[in-house]
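Visitor: Attaching a single structure in C-alpha cells format; questions to follow.
The values are calculated or read from the model by the stated rules, or taken from the named source; none is laboratory data. Since the model is a prediction, treat every value here as computed from it, not as a measurement. A quick note on method: Cβ atoms are made from the backbone with ideal geometry, for glycine too, and the neighbour counts reach across all protein chains shown. These area figures cover heavy atoms from the full protein model, side chains too; ligands, DNA and RNA do not enter into them. Shrake-Rupley method; radii C 1.70, N 1.55, O 1.52, S 1.80 Å.
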Number of protein chains: 2
Amino acid sequence: MRTELICVGTELLTGKLNTNSVYIGERLAALGLDLALVTTVGDAAADLENVFRPTLSRGGIIIVTGGLGPTFDDLTRETLAAVLGRRLVLQDEALEDIRQKFAKRGAVMSTNNERQAYLIDGARMIANRNGTAPGQIVEIKEGGAVVILLPGPPKEMQALFESDVFPYLRQFETAVKKSFVLHVYGDAESAVDDKIRPIIEAERQLESGAVDFTILAQATVIDIKTSVKGGDEMLVDETLNNLRHEFYEVLGDHIYGEGRQTMEGVVGELLFKHNKTLAVAESCTGGLIAHRVTNVPGSSRYFKQGAVTYANEAKIAMLGVASETLERFGAVSEQVAVAMAEGMKKTAGVDYALSVTGIAGPAGGTADKPVGLVFIGLASSDGTTAHRFQFTGDRTIIRERAANQALDLLRRELLKNEKQKKK
Amino acid sequence: MRTELICVGTELLTGKLNTNSVYIGERLAALGLDLALVTTVGDAAADLENVFRPTLSRGGIIIVTGGLGPTFDDLTRETLAAVLGRRLVLQDEALEDIRQKFAKRGAVMSTNNERQAYLIDGARMIANRNGTAPGQIVEIKEGGAVVILLPGPPKEMQALFESDVFPYLRQFETAVKKSFVLHVYGDAESAVDDKIRPIIEAERQLESGAVDFTILAQATVIDIKTSVKGGDEMLVDETLNNLRHEFYEVLGDHIYGEGRQTMEGVVGELLFKHNKTLAVAESCTGGLIAHRVTNVPGSSRYFKQGAVTYANEAKIAMLGVASETLERFGAVSEQVAVAMAEGMKKTAGVDYALSVTGIAGPAGGTADKPVGLVFIGLASSDGTTAHRFQFTGDRTIIRERAANQALDLLRRELLKNEKQKKK
C-alpha cells in the first residue's frame, strides 16, 4: 500500500524542524509500510489544494498533520473537504468535548473553536485528550484511498497515532518488521563501535538485506537500533533474539535499558524492586536529576526529596555542609560532594542520596577547576563515595551528562547489591 | 519567484530529521524568497520522476538536495537528466578534483566515484571542498526555471549554498524580509486569536501580500510570528514596528518575550535588574522549575536554592509545613502551597519564593482533587498568595504547564512592582 505524508504549517517551511515526519516514518516502518513521499506545505489554501489533488489521485494511505487549529490560518479541514467535494458536518460529540475542556479550565470557548468540531462528511472522529482538535479518518472508497487527519502539535499527534491510527493501519500491514533499541552508557562511541563491529560485520556478510543497524550517540548515551524484516514472523523473532543476545554478551551492563526505557525509569524500577528510597542534592545540575526522576509515574514510592543548593549558604543550611569544608576545598570538590550526599541522606532518612557539584559554565571556570569539572557523590548504608568527572560540551550538555552519570552510578550500585544478594 | 525544495534520501523517510530544509528555508527567507513546498522523496527512480515532472512544470527556483553520491542508490543526476531530456557530460575538472581527493587520503578511487564527475548538459559546476559530489546549477530557459543540485550531507550542502547558491540567488532577491516572534502567555489560543484578529484582518484587507502571520501554540505558550517583506527596507522596518506596537497594545504584558527569549530568562532578567533573589519549593513539578531557572547562564546571581519535597515528611522537614495543615487540608491545597512558599522564603532568606503542589497523574486523582489540579504559591515581602489551577494533558504536559504558570506569576509580580516603583 502506497503511503504518503503531508505536513501542513508555514513554520515548517521557515525554520522549524519537522519531527512529526520522523515519528510517523518510524511507526509506519514497524508495519512494513514505507513512506513514499513527504510533502511539507504552508498554510495557504491554493498551495494545500495543489498538494491534495495529485496526492489523492495517486491513492493509498495519506496522512495529513497540522492545520486543524482554531485560527484563521488553519485550513486543512476546509480545503480537503472542498477538494474531496464533501461537506463539513458539525459533530455534536466533538463540540461537547471542546466545550467541556474549556469549562474544565474555567475558560470561555471562543466561536473559533467551533470550527474544530466539524468533520469531513463520512469521517470517523479520533478523540484528542491532549487538545481541542480531533483527528479524522476519511475513507475514500472510489480511489481506494484513505486520508487520515491529525493535529500538528507532536504530543497530540503521537497520542492519536498510537490510540487509533496505528491500530487502524494494521489491516494494511504487509511484512513483519521488528526492531529493538539498546541504550548504552559508560563507554565512548568508538569503544562501543569496536565491541559490536564483529556482530555487525558477520551479519553484513550474510547479505540477507533483512537486518539493519543504526547507531546514534547523544551526549553520553549511545543507542543501537537493530531492525529485522521478513515474511516469517518466527524467523524474524529468532534473528532479533540472537542479535540481542550477542549485544548483551559484548556490552554487558553497559546496556542500561531498551526501547522506551529511560535511565531514570530503570533506576526507579531497581529502587522500587528492592524497596529502597532516594533523595538528591544538586548544585550544578540545578534540579535536573530530581526532575527526571520524578518524571516517572509512581516515583513518589521511592523518591523522597531533593535540594537544589546553588548558594553556599544553601549547602550549609539545607545539607549541613560545614562552612570550613566549603572554605578549605571550594564548593566544587570531592569533599563537598561527600558532605552534600551524607547531609542529604541524614536529613531525608533515605537509603541512597546522590549529590552533584560542578561547573556547568559558561563562566566560573579556572585553570585548576575548568568548566565541565563535576564531582558526584553517593551515600548509602555502605558508606559514601565521590567521583571526579571532566565533561565537555556547553552548559546544557554538561548538565545532562552529569545527570546521566549520577543516575548511572546509582544504577551500578543497585545492580552490584542485587548480584551480591543472589550469591 | 516561486521556490521549491526537493530532498532526496530514503533515510529522511525512515527516521532521520531533515535539517537541510530548515537551513535552506531560513536562508531563502533572508532573500525574501518563500519556500512554497518541500518534498521529501526516497532513492527510487520512479518516485523521483514523479516528483521532478510536476515540480519542473510549475517552474521557478527548484533546489534539490541529496542523491549525488557514488553508490547505486544515488539517482538524482541520472533521473533529472532523463526528465529534462538532456545528456550527462563528463566534466574533466570534476573528475580530476575527485581523483586528487582520493590521492590525498591515500585511497584508491572506485569507478563508482566517476559518476560524480558527470554534469547535466549546460550545467554550471559548483566545486565541493568538503566532499566528492560537486553541485550543479542548471538553467532551464524555456520554462523560466532553474534547478540547483546540492549534495545531501548538511556540512557539504551548507558550504556550497553559501559559496555559490546564495550569491547566485541574489539576482532573484525581490525584497527585504524581516520578522519578529512574540511569546504570549496567560490566554487561551482562541482568546489571543480574538484579540489579534482585527490587526491581522486590517492587514489582510490591504492585500499587500507583504505581511505574513503565523501562530503556534505549544502547551500554554503561544508564539506569534510576523514577517514583512518589501523592496524598501525602511518601509519594511516601519511596518514591522507598527505591527509590533499594535500587538503590544492588545496583548499587553501577556507578551512575556520575543525571539530567543524564554520565560525563565525573562524572569531571571527581571530578578537581576531589581537585585532580587529567588528560591523554589516544588512538589508535583519535581525540580523542573529549578532546572529551568538554573539553565540560564548566570542564574546563580539570583537563584539561591530549591527544594523538591515529594514526601509529606520532606514538606515538614525542609519547609516547616505544619503536619496539622497537611492532615487537615491535604498536601494538594491552597494552605499547603502558602505554607511551602512561606517556609522556603524564611529558610532561604530570599525576596521571592515560589511553591507548587498538585497532582500530575496519571494516578492519584480523586473526584475532589482530579489529576491536573495544581496550587501555586508566591511569597514575597508583600505577603503570600496562592492560586488554584486546573491543567489538562498528560503528566509531562501538566508539569510543564504548572512550571510556566508559576514562572509567569512571578514575572507579573515583578512587573507590578516595577510599575509601582515608577509611579
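Visitor: Determine which member of the set A:Leu68, A:Leu56 is in a loop (DSSP other than H, G, I, E, B), closer than 27 Å to A:Ala94 by Cα and modelled with pLDDT of 90 or more.
Guide: A:Leu68
Visitor: Test A:Ala290 against the criterion of being out of contact with any Ser or Thr (no Cβ under 8 Å at 6 or more places or on another chain), modelled with pLDDT of 95 or more and either outside any helix (DSSP H, G or I) or within 14 Å of chain B (Cβ to nearest Cβ) (or both), and give yes or no.
Guide: Yes, satisfied.
Visitor: State the number of residues belonging to segment B:228-246 that are over 14 Å from B:Phe213 (Cβ atoms) and open to solvent by less than 70 Å² (accessible area, probe 1.4 Å).
Guide: Count: 3.
Visitor: Report, by residue number, each residue of segment A:261-296 that is more than 23 Å from the chain's Cα centre (by Cα) and open to solvent by 50 Å² or more (accessible area, probe 1.4 Å).
Guide: A:Lys273, A:Asn275, A:Lys276, listed by residue number.
Visitor: If B:Ala314 meets every condition in (1) part of a helix (DSSP H, G or I); (2) within 36 Å of the chain's Cα centre (by Cα); (3) facing chain A (nearest Cβ under 8 Å); (4) surrounded by 24 or more Cβ atoms within 10 Å (Cβ to Cβ) apart from one, which number is that one?
Guide: It fails just one condition, (2).
Results for (1) of a type outside the set (D, E, K, R); (2) under 20 Å from A:Thr65 (Cβ atoms); (3) open to solvent by less than 60 Å² (accessible area, probe 1.4 Å), shown as yes or no for each residue.
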position	(1), (2), (3)
A:Ala94	yes, yes, yes
A:Arg99	no, no, no
A:Asn113	yes, yes, yes
A:Leu119	yes, yes, yes
A:Gly122	yes, no, no
A:Met125	yes, yes, yes
A:Arg129	no, yes, no
A:Pro134	yes, yes, yes
A:Ala145	yes, yes, yes
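Visitor: Residues of segment B:28-49 being closer than 30 Å to B:Thr174 by Cα and facing another protein chain (nearest Cβ under 10 Å), which ones?
Guide: B:Leu28, B:Ala29, B:Asp34, B:Leu35, B:Ala36, B:Leu37, B:Val38, B:Thr39, B:Thr40, B:Val41
Visitor: Looking at (1) of a type in the set (Phe, Trp, Tyr); (2) more than 23 Å from B:Leu288 (Cβ to Cβ); (3) touching a residue at least 40 places away in the same chain (Cβ under 8 Å), can you tell me which one A:Phe389 breaks?
Guide: Single failed check for A:Phe389: (3).
Visitor: A further question on this structure: Just checking, which of B:Glu249, B:Glu334, B:Glu258 is surrounded by fewer than 17 Cβ atoms within 10 Å (Cβ to Cβ) and without any contact (Cβ under 8 Å) to a residue 12 or more places away in the chain?
Guide: Criteria check complete, one pass: B:Glu249.
Visitor: Answer yes if at least one residue in segment A:225-242 is closer than 24 Å to A:Ile397 by Cβ and without any contact (Cβ under 8 Å) to a residue 12 or more places away in the chain, and no otherwise.
Guide: No, because not a single residue in segment A:225-242 is closer than 24 Å to A:Ile397 by Cβ and without any contact (Cβ under 8 Å) to a residue 12 or more places away in the chain.
Visitor: Among the numbered conditions (1) open to solvent by less than 40 Å² (accessible area, probe 1.4 Å); (2) within 32 Å of the chain's Cα centre (by Cα); (3) within 10 Å of chain B (Cβ to nearest Cβ), tell me where A:Gly106 comes up short.
Guide: Answer for A:Gly106: the failing condition is (1).
Visitor: So, one more: Mind telling me which of the residues B:Leu354, B:Leu409, B:Leu414 ends up being at pLDDT 95 or above, assigned to a strand (DSSP E or B), under 17 Å from B:Thr277 (Cβ atoms) and touching a Leu at 6+ places or on another chain (Cβ under 8 Å)?
Guide: B:Leu354
Visitor: Then there is this: Based on this model, can you work out whether B:Thr396 counts as in contact (Cβ under 8 Å) with a residue 40 or more places away in the chain, open to solvent by 40 Å² or more (accessible area, probe 1.4 Å) and facing another protein chain (nearest Cβ under 9 Å)?
Guide: No, not satisfied.
Visitor: For segment A:1-11, which residues satisfy the criterion of being closer than 26 Å to B:Asp34 by Cβ and either at the interface with another protein chain (Cβ under 7 Å from one of its Cβ atoms) or open to solvent by 20 Å² or more (accessible area, probe 1.4 Å) (or both)?
Guide: Those that are closer than 26 Å to B:Asp34 by Cβ and either at the interface with another protein chain (Cβ under 7 Å from one of its Cβ atoms) or open to solvent by 20 Å² or more (accessible area, probe 1.4 Å) (or both): A:Thr10, A:Glu11.
Visitor: So which residues in segment A:13-33 are touching a strand residue (DSSP E or B) at 6+ places or on another chain (Cβ under 7 Å), open to solvent by 20 Å² or more (accessible area, probe 1.4 Å) and either farther than 20 Å from B:Leu216 by Cα or among the aliphatic types (A, V, I, L, M) (or both)?
Guide: Passing the criteria: A:Ala30, A:Gly32.
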